[in-house]
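Accompanying notes for the structure given below.
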Amino acid sequence: MVEMNMIQALNSALDIQLKNDDSVVIFGEDVGFFGGVFRVTDTLQQKYGKHRVFDSPLAEGGIAATAFGMGINGLRPVVEIQFADYIFPAYDQIVNEISKIRYRSGGEFSTPITFRTPAGGGIKGGNHHSQSPEAQFTHTPGIKVVYCSNPNNAKGLLTAAIESNDPVIFFEPKRCYRGPFYGDPHNVPTWAGHPKSEVPEDYYKIELGKADIVQEGSECTVIAWGAMVHVAEKGIKESGISCELIDLQTLIPFDKDTIVNSIQKTGRCVIVHEAPKTSGFGAEISASIQERCFYSLESPITRVTGWDTPFPHSTEWDYLPSPERIATAIKNTIEE
Amino acid sequence: MSDEDKANKSTPFRVGTPPARPGEKPTFSSWDFQPEDLKKLDPLKCTSKDTEKHAYGLLRVLNDSNEAKGEWDPKLDPDILRKGLEYMMKLRIFDDRMMKMQRTGKLSFYMRSLGEEAIAIAQTMALEEQDWIFPSYRQPGAQFVRGRDMVSMICHCIGNELDNVKGRQMPVHYTYKEGRFISISSPVGTQFSQAVGVAMASAYKGTDEVTITWLGDGTSAQGDYHYGLNFASAFKPPVILNVVNNQWAISTHSNLATGGVNFASRGLSYDIPCFRVDGNDFLALYSITKWAAERCRAGLGPTHIEIYTYRAGAHSSSDDPSRYRPGDEAEFWPGGDPVERLKMHLIKIGEWDEKRDKELTEKIDSEVMAAYKEAVKYGDLANGPFPPASTIFSDVYEEIPWHIQEQREELGK
């Protein structure tokens, strides 16, 4: 085990994939010589060559389409969409093409692309450098959706995503690249000393579709993903209530069993995500819980989410779920 | 002032108009272009700038008397020409039969290649077996060249239990991996930029594969056309990028698709060699494709081709072109009919005659009928059998995840 921040962990996963599999190529905006605006692909071009890690023209639709073609012709492209907010020019290629090619060709063709994309708020990114558009993809059959939250799972999940023969959208909470985020913009620690900053140096994989139980508890289940895992951890602490915290990690397909087992134990549930509430993935989790464990529930399922508005700039701390809002939701759930 | 300019005086901004509307006389001017106009360029030395005349002119081999002339004559063996003629006749007869089946309710939908048969057939014949075909819905003819069985094609169109697409796509959305013919998608133009990726992968792996793709004049308005050209320009992979300008995108004439001069020349600013070619001239299509493939295989990258033709039929079985263009417009197309032109050329050089033509027509006709009868043994559209309902749930992912498995169990089939 080596201590890494999330950027180093992601870089390590990419490095090992490039080394182990000649069919892996990385491309996207600024990922080559420069190593990416967040430095995730730093030094990889220098190490593996310009044909394996390269800059593309600034066109996400073209990046996705090119990756599609490479994927059906035997390569395993790992592309970076510089901000998740900019994935929408590629939306047609992802929704109508990449996610459907296996189906529409009767299984003759498939394209194992991984889209890495920094997502989420907390960096004063305003409308268009802060969104967390996972629900726009969880509603698209044929694509897997993964959301890492710490260096350890970033490396393990990215490895699994690249090795998956299905296309994967891999969200990276950019607020957590250099440290966990507990909801306090004035006090942002680094990953140093955090247990999840311990990352295997060699090849390492976390199976897709498995959630991580961050902490066990008995009174309420809190489900979160991405940066909200850490905010939820703080919220739980503030509530003073024994909560089981589940980091979902993979949204499609999500780990139903871990959720069901936990709800059967606690009987209560709070779901936290930073994307807008309406039609957010929390709604899917909530519906699924009431379908599967209605008789275990002792109070209504609660969601703590971003508001149904565009993502703001200077007021983003009132937009993002805070530890206080989460603590209040947990307490209300108990008092119901 | 042209008629169009005058017409535009009545609107606050330009709204392109077609040459003629229903009830008006088709107004195609005759072509000044002749096969001797354009020099053959050295594929291994040519730059995009050298192709300016070729982008604004019209590359032809067959002249108005159906004689092969000029430097671009590929001088093909008559056996190859007869094979090309046979594939084109086969496609036309196949299309006619399928359209009849659609009219009698045996197919849900159909799209013919009428008037455009030479394109995919000549171009695929000019390529090698290892080359990738990335078609739109108007290039199914490539499958004949690659040896696909008609029974299998019809089973797809019906969506019966032998449909290799497993009843998931509308008719004419073929996939034929064995023939390196990549699955057709309904969203127009997506294949164009994807083809660049296919070609980049071929180059990456060090193979000598070439990828060819097509889209229409209307579709060239899509971002994917421009993504494709620009990525091809930036990475120079072995890809042949064709814009089939058949004048009409359903009811939208190419004058509305762009205000530009033509489609071919657009590639010049991307530093890609550009050609405009007579799309009803089998020999010209063969010749330019061979030329482009040679460039690709030498590592010199893409070629951009506007294929100038006319969509002689309706867009699809759901379309009625007499509502937006003169019903007899196709007869006035200066490029004539591609099947007829190749046939007349072969007759002219003493390699074909009307008797053989009639015999071949009858032979193909009976083959198509026999293929249809064979195909419906595996299910027709009204009665099935169709692919099992379980195929709804497979191939979404490599393995069926729990949530889809649960839904399959809910359906109970």
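Of the numbered conditions (1) more than 18 Å from the chain's Cα centre (by Cα); (2) surrounded by fewer than 20 Cβ atoms within 10 Å (Cβ to Cβ), B:Gly197 satisfies every one except a single condition; which is it? Of everything listed in (1) more than 18 Å from the chain's Cα centre (by Cα); (2) surrounded by fewer than 20 Cβ atoms within 10 Å (Cβ to Cβ), B:Gly197 misses just condition (2).
Suppose we filter region A:30-51 for residues that are open to solvent by 30 Å² or more (accessible area, probe 1.4 Å) and not acidic (Asp, Glu); how many remain? Full working, then the answer.
Residues of region A:30-51 open to solvent by 30 Å² or more (accessible area, probe 1.4 Å): A:30, A:33-34, A:37-39, A:42-43, A:46-48, A:50-51.
Still in the list and also not acidic (Asp, Glu): A:33-34, A:37-39, A:43, A:46-48, A:50-51.
Count: 11.
B:Leu268 falls short on exactly one of the conditions (1) within 14 Å of chain A (Cβ to nearest Cβ); (2) among the hydrophobic types (A, V, I, L, M, F, W, C); (3) in contact with a strand residue (DSSP E or B) (Cβ under 7 Å, 6 or more places away or on another chain); (4) open to solvent by 10 Å² or more (accessible area, probe 1.4 Å), and that condition is (1).
Can you name the residue in region A:243-295 that is assigned to a strand (DSSP E or B) and within 14 Å of chain B (Cβ to nearest Cβ) and is also most open to solvent (accessible area, probe 1.4 Å) among such residues? This residue is A:Ile252. Residues that are buried (at least 22 other Cβ atoms within 10 Å of the Cβ) and of a type in the set (Ser, Thr, Tyr) within region B:200-224 comprise B:Ser202, B:Thr211, B:Thr213, B:Ser220, listed in sequence order.
If you scan region A:74-105, which residues turn out to be part of a loop (DSSP other than H, G, I, E, B), open to solvent by less than 10 Å² (accessible area, probe 1.4 Å) and at the interface with chain B (Cβ under 7 Å from one of its Cβ atoms)? Even if it seems obvious, please write down each step before you answer.
Kept after step one, since they are part of a loop (DSSP other than H, G, I, E, B), are these residues of region A:74-105: A:74-75, A:81-83, A:87, A:99-100, A:105.
Filter again for open to solvent by less than 10 Å² (accessible area, probe 1.4 Å), leaving A:75, A:81, A:87, A:99, A:105.
Within region A:74-105, A:Leu75, A:Ser105 meet the criteria.
Which residues, counting only those in region B:155-185, are open to solvent by 10 Å² or more (accessible area, probe 1.4 Å) and either within 8 Å of chain A (Cβ to nearest Cβ) or closer than 21 Å to B:Thr124 by Cβ (or both)? Selection gives B:Asn164, B:Lys166, B:Arg168, B:Gln169, B:Tyr176, B:Lys177, B:Glu178, B:Arg180, B:Ser185.
Consider region B:98-128 and keep the residues that are closer than 11 Å to B:Phe282 by Cα and assigned to a loop (DSSP other than H, G, I, E, B). The one that is nearest to the chain's Cα centre (by Cα) is B:Glu116.
From the list A:Phe27, A:Phe54, A:Phe68, the lone residue that is within 14 Å of chain B (Cβ to nearest Cβ), open to solvent by 10 Å² or more (accessible area, probe 1.4 Å) and outside any loop (DSSP other than H, G, I, E, B) is A:Phe54.
Here B:Lys413 meets the list (1) in a loop (DSSP other than H, G, I, E, B); (2) within 27 Å of the chain's Cα centre (by Cα); (3) among the basic types (Lys, Arg) almost entirely, failing just condition (2). With respect to the conditions (1) within 14 Å of chain B (Cβ to nearest Cβ); (2) open to solvent by 10 Å² or more (accessible area, probe 1.4 Å), A:Val146 lacks only one, and its number is (2). Within region A:161-180, work out how many residues are crowded, with 24+ Cβ neighbours inside 10 Å and either in a helix (DSSP H, G or I) or without any contact (Cβ under 8 Å) to a residue 12 or more places away in the chain (or both). Residues flagged as crowded, with 24+ Cβ neighbours inside 10 Å and either in a helix (DSSP H, G or I) or without any contact (Cβ under 8 Å) to a residue 12 or more places away in the chain (or both) within region A:161-180 amount to 5.
To keep it simple, each residue is scored yes or no on (1) among the aromatic types (Phe, Trp, Tyr); (2) without any contact (Cβ under 8 Å) to a residue 12 or more places away in the chain; (3) touching a Phe, Trp or Tyr at 6+ places or on another chain (Cβ under 7 Å).
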{"site": "A:Gly71", "(1), (2), (3)": "no, no, no"}
{"site": "A:Arg76", "(1), (2), (3)": "no, no, no"}
{"site": "A:Ile101", "(1), (2), (3)": "no, no, yes"}
{"site": "A:Gly106", "(1), (2), (3)": "no, yes, no"}
{"site": "A:Pro112", "(1), (2), (3)": "no, no, no"}
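The values are calculated or read from the model by the stated rules, or taken from the named source; none is laboratory data. On a predicted model such as this, the values are computed, not experimentally measured, just so you know. Note that each Cβ is placed from the backbone with ideal geometry, even for glycine, and that neighbours are counted across all protein chains shown. For accessibility, only protein heavy atoms count, side chains too; no ligands or nucleic acids. Shrake-Rupley method; radii C 1.70, N 1.55, O 1.52, S 1.80 Å.
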